[in-house]
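I have placed the structure first, in the form of structure tokens, so that the comments after it can refer back to it.
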Number of protein chains: 2
Amino acid sequence: MRRIVILVEAAFTLHRAKTATGIIRYSKDKVVAVIDSTHAGKNVAQALNIALGEDIPMVRDINEALQYEPDALMIGIAPVGGTLPPSWRWQLTTAIEHGLDIISGLHTFISDDEELRTAAEQKGVTIWDVRRPQGQPRVAKFAPHRPGSHTVLMVGSDCSAGKMTVALELERVAAQRGLNGSFLATGQTGIMISNNGLPIDHLISDFVAGMVEEQVLQLAEEHDWVFVEGQGALNHPGYSPVTLGLIHGSAPDAMIFCHLAGAKTIDGYENCPLPSLQRLISINEDAIDWIRQDGKCKVVGLALVTVGMNDEEAQAAIKAAEEETGLPTTDVIRFGAEKLMDALQQHFSAH
Amino acid sequence: MRRIVILVEAAFTLHRAKTATGIIRYSKDKVVAVIDSTHAGKNVAQALNIALGEDIPMVRDINEALQYEPDALMIGIAPVGGTLPPSWRWQLTTAIEHGLDIISGLHTFISDDEELRTAAEQKGVTIWDVRRPQGQPRVAKFAPHRPGSHTVLMVGSDCSAGKMTVALELERVAAQRGLNGSFLATGQTGIMISNNGLPIDHLISDFVAGMVEEQVLQLAEEHDWVFVEGQGALNHPGYSPVTLGLIHGSAPDAMIFCHLAGAKTIDGYENCPLPSLQRLISINEDAIDWIRQDGKCKVVGLALVTVGMNDEEAQAAIKAAEEETGLPTTDVIRFGAEKLMDALQQHFSAH
């Protein structure tokens with residue numbers, strides 16, 4: 001178990017902090033402090049105005065964080081474009097000087113930065129660039145999964161719609177029910193949490209589907225349930241290729257659709273309105289049928305993110321989505337993932 | 001104008017030689033010989049049993065090719081996985097020793113090979129890895145094209161369905177008609193031909209759509225017609241993410257659908273049958289509507305590859321496709337691209 005300090009300087013809003021909150025919620029490592037000078041003096045729950053179950057201090061900078069005796073500094077935001085903000089460099093240098101390992105999910109690899117790499121080598125600390133792909137490039141073979149295994153892919157209406165969280169909560173419920181389940185991380189936070197997975201958004205486009213397929217085939221060999229973290233959305237103008245690679249590469253047997261309640265457009269693309277939930281669900285189901293043509297893979301449940309609502313509002317949003325789509329719906333953070341796991345088990349026992 | 005020898009050792013079938021035939025047909029460079037020991041002594045037209053308009057000798061190896069005084073050796077196949085066949089290494093070494101530049105479209109970069117790079121540096125020759133991306137990573141902005149410009153994307157039922165050829169032939173017809181057209185290469189052969197473009201299948205998946213968008217926005221600023229080379233197919237189990245990145249990134253105003261007449265499955269995936277032409281066309285039109293939702297971008301014509309058929313058979317295949325889809329259809333190699341350019345001009349004058 002590592003003792004981690006997470007660096008999110010001036011970016012610790014609930015929306016942008018999804019790496020940090022994911023690590024705090026799901027990692028086996030202990031988060032000892034979070035660096036954001038604009039929130040210094042608060043704790044994490046106060047800064048985000050959500051319950052996180054632990055009293056983690058927010059601090060001004062790496063120097064203040066050192067009193068909590070961290071052994072790793074994790075970069076906790078994923079900016080568009082994915083480069084290291086120049087103003088953060090001194091904090092990484094200071095961390096390395098004090099013997100902390102560096103964990104980064106940025107597109108730009110910290111270990112390719114000569115100054116930081118040299119400093120890390122001299123100090124004997126490790127730089128883990130989570131997005132650096134492991135494994136060999138591989139084109140998808142369109143190979144069948146082990147019969148009897150169930151691969152469940154999270155899809156959704158946009159990025160940051162809860163796809164990783166839903167997959168992790170489903171894995172948890174499956175374990176509670178004594179099922180042999182597994183989680184396949186496909187993004188930097190999921191990989192940091194599970195210490196494994198595939199940085200799908202950093203793969204070469206020709207090999208996205210093939211490298212996902214390889215991981216899923218192996219997990220489906222060893223597990224009865226494979227919960228695949230989704231990425232992006234088919235209706236996202238920038239990230240749709242990543243999503244389609246996941247759909248075709250993982251070749252799911254069922255999907256859970258994830259959605260931020262109330263969202264009207266793709267985040268950051270005000271000129272790109274979201275289609276209706278019904279339409280979004282059929283888009284995702286249709287995309288699998290482009291290659292498999294058996295009409296078997298369905299969205300069997302919806303997961304809403306209802307953060308910022310009270311319980312009554314959340315229940316109303318869930319009820320509205322159920323009426324619109326006819327599918328079991330919940331918010332897994334608020335109400336757990338049991339309802340979705342029920343839907344999945346019923347779906348597979350009926351088919 | 002370079003004098004090029006193309007290396008395709010033991011792979012010079014019509015199907016696998018698409019880089020070589022593309023270069024021979026469309027490049028401003030002169031192909032002086034093609035290396036394939038299994039065809040040595042023939043010329044290219046005899047080896048492929050097609051008319052290529054020039055008498056290009058097939059030779060045993062690089063040593064035999066040197067008599068034709070080439071100044072560059074081009075690797076003329078694109079194997080799955082994209083690495084240099086080990087048995088070809090000596091031919092590259094020999095070429096470099098004799099002062100030839102190296103042009104390669106492989107996924108594995110020749111200039112990353114220490115032995116070959118060192119040899120090239122010592123000899124002062126250039127290694128051009130066509131698939132090494134130029135330009136900065138960039139996420140798509142979903143920005144509109146210049147009003148009045150027409151972006152036309154080639155899509156299709158599979159790889160090797162003529163998408164590059166159709167784009168190049170449309171550019172040629174547009175020029176003949178005095179229109180201000182341009183060709184955007186998106187694959188290694190197209191880039192070798194036009195000395196420009198984007199190796200889309202080698203881009204990082206997060207940036208595929210964005211980097212295509214950047215190129216198209218710029219071309220649409222300067223040209224009235226932008227003919228975008230397509231890649232792969234939405235119904236291809238391995239390469240579909242590349243195709244969707246092209247569709248969403250280029251945000252076409254119209255599409256031409258390309259198809260190998262008579263093909264029943266994805267090439268190399270006998271368990272992946274092709275949907276009907278009607279269904280394939282609607283899949284591609286629908287994918288744009290996921291983000292644009294205006295229903296405006298249509299497939300306005302079909303281009304068949306009818307190689308191996310006689311003219312009568314080709315005409316029958318074209319007629320059958322026209323009856324099935326209701327769209328103007330031709331084989332651009334056999335009958336020219338005028339019919340498709342007519343369809344495009346009519347489409348845009350009517351809308």
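The values are calculated or read from the model by the stated rules, or taken from the named source; none is laboratory data. Everything quoted here is computed from the prediction, not taken from an experiment. Reconstructed Cβ throughout: ideal geometry from the backbone, glycine too, with neighbour counts over all protein chains shown. The protein model used for the area step is the full one, side chains on, heavy atoms only, and it has no ligands, DNA or RNA in it. Shrake-Rupley method; radii C 1.70, N 1.55, O 1.52, S 1.80 Å.
How big is the gap, in Å, between the Cα center of segment A:51-66 and the Cα center of segment B:319-337?
Rounded to whole Å, the Cα centres lie 66 Å apart.
In whole Å, how far is the Cα centre of segment B:24-46 from that of segment B:238-300?
After rounding, the separation between the Cα centres reads 33 Å.
Using a basic spin-label model with each label point 7 Å from the Cα along Cα→Cβ, how many nm lie between B:Glu221 and A:Arg177?
Each label point is offset 7 Å from its Cα along the Cβ direction, giving 5.5 nm.
Kindly write out, for segment B:10-21 in residue order, the coupling ³J(HN,Hα) from the Karplus curve 6.51 cos²θ - 1.76 cosθ + 1.60 (θ = phi - 60°), rounded to whole Hz, with x marking Gly and Pro.
Per residue, the Karplus-derived 3J(HN,Hα) values read 6, 9, 8, 9, 4, 5, 7, 9, 5, 5, 4, 5 Hz.
For a paramagnetic label modelled at 7 Å from the Cα of A:Ala10 toward its Cβ, which residues of segment A:58-72 fall within the zone defined by backbone nitrogen distances under 11 Å?
Once the point is set 7 Å along Cα→Cβ of A:Ala10, nothing inside segment A:58-72 turns out to lie under 11 Å by backbone N.
Which whole-percent values make up P(r) of segment A:97-191 when all C-alpha to C-alpha distances are grouped in 10 Å steps starting at zero?
Each 10 Å bin holds this share of Cα pairs: 12, 29, 30, 20, 8, 0.
What whole number of Å gives the distance from the Cα centroid of segment A:8-22 to the Cα centroid of segment A:165-230?
23
If the convex hull of the alpha-carbon atoms of segment A:191-274 is projected onto planes in all directions, what is the mean projected area in square nanometres?
6.5
Apply the Kirkwood formula to segment A:135-230: the hydrodynamic radius equals the inverse of the mean of 1/r over all pairs of different alpha-carbon atoms; give it in Å with one decimal. All intermediate terms of the calculation are to be shown ahead of the outcome.
Numbers: mean 1/r = 0.0733 Å⁻¹.
Computed over segment A:135-230, the radius equals 13.6 Å.
Give A:Lys18/A:Lys339; B:Lys163/B:Lys296; B:Lys319/B:Lys339; A:Lys163/A:Lys298; A:Lys141/B:Lys298 a once-over and call out the pairs whose C-alpha atoms are over 19 Å from each other.
A:Lys18/A:Lys339; B:Lys163/B:Lys296; A:Lys141/B:Lys298
Per residue, how big is the convex hull around the C-alpha atoms of segment A:1-92? Give it to me in cubic angstrom, could you?
Enclosed volume per residue, from the Cα hull, is 89 Å³.
Per the Kirkwood formula on distinct C-alpha pairs, the Rh of the protein assembly as shown is how many angstrom?
Result for the protein assembly as shown, one decimal place: 27.0 Å.
With an 8 Å cut-off on Cα pairs and a minimum separation of 6 or more residues, tell me the relative contact order of segment B:1-80 in percent.
Taking the mean separation of contacting Cα pairs over the length of segment B:1-80, I get 42 percent.
Given the rule -39500 (n - 2.57) for each run of at least 4 DSSP H residues, summed and divided by the residues of chain A, what is its mean residue ellipticity at 222 nm, to the nearest 500 deg cm²/dmol?
When only DSSP H runs of four or more count, the value is -11000 deg cm²/dmol.
Check A:Asn271: other-chain or 5+ apart residues with amide H under 5 Å from its amide H, H built from backbone geometry?
Under 5 Å from the amide H of A:Asn271: no residue qualifies.
5 Å is the cut-off here: which amide hydrogens, built 1.01 Å from N in the peptide plane, fall below it relative to A:Lys298, excluding neighbours closer than 5 in sequence?
Under 5 Å from the amide H of A:Lys298 lie the amide H atoms of A:Met255, each far enough along the sequence or on another chain.
If you average the sequence gap of Cα pairs under 8 Å that are 6 or more apart and divide by the length of segment A:63-135, what percent do you get for the contact order? Present the calculation step by step, with values, prior to reporting the outcome.
On the way: 94 pairs, mean separation 23.2, N = 73.
Answer for segment A:63-135 is 32 percent.
If the viscosity is 1.567 mPa s and the temperature 4 °C, what translational diffusion coefficient in µm²/s does Stokes-Einstein give for segment B:86-132 when Rh comes from Kirkwood over Cα pairs? Walk me through the intermediate numbers first.
Details: Rh = 10.5 Å.
In µm²/s, the coefficient rounds to 124.
Show me, bin by bin at 20 Å from 0, the whole-percent P(r) of chain A based on Cα pairs.
Using 20 Å bins, I get a P(r) of 31, 58, 12, 0 for chain A.
Can you tell me the 0 to 90 degree angle between the C-alpha axis of helix B:163-176 and the longest principal axis of chain B, rounded to 10?
Here the helix axis deviates by roughly 70 degrees.
Scan around A:Met74 for amide H atoms under 5 Å from its own, H built in the peptide plane at 1.01 Å from N, and keep only partners 5 or more places away or cross-chain.
A:Val5, A:Ile6, A:Leu7, A:Ile103
Each label point is 7 Å from the Cα along the Cα-to-Cβ direction; what then is the distance between the points at A:Asp286 and A:Arg89, in nm?
Taking the simple label geometry, A:Asp286 and A:Arg89 are separated by 4.9 nm.
A drop of at least 50 square angstrom in accessible area, chain alone versus all protein chains together, probe 1.4 Å. Which residues of segment A:183-211 meet that?
Buried on complex formation: A:Ile204, A:Ser205, A:Asp206.
May I ask you to derive the FRET efficiency for B:Arg132 and B:Leu66 from their Cβ-Cβ distance with R0 = 25 Å, giving the value to the nearest 0.05?
That pair, B:Arg132 with B:Leu66, gives E of 0.35.
Be a star and scan segment A:247-284 for residues whose amide nitrogen sits under 20 Å from the point 7 Å along the Cα-to-Cβ vector of A:Gln315.
Answer for segment A:247-284: A:261-262.
At 25 °C and a viscosity of 0.890 mPa s, what translational diffusion coefficient does Stokes-Einstein give for segment B:150-350, taking Rh as the Kirkwood radius over Cα pairs? Give it in µm²/s as a whole number.
D = 147 µm²/s.
Based on the Cα atoms of segment A:42-175, what semi-axes does the equivalent ellipsoid have, where each is the square root of 5 times one gyration tensor eigenvalue, given in whole Å with the largest first?
Three semi-axes, in Å: 33, 24, 14.
Excluding ligands, DNA and RNA, what is the accessible area buried between chains A and B, summed over both sides, using a 1.4 Å probe, to the nearest 100 Å²?
3600
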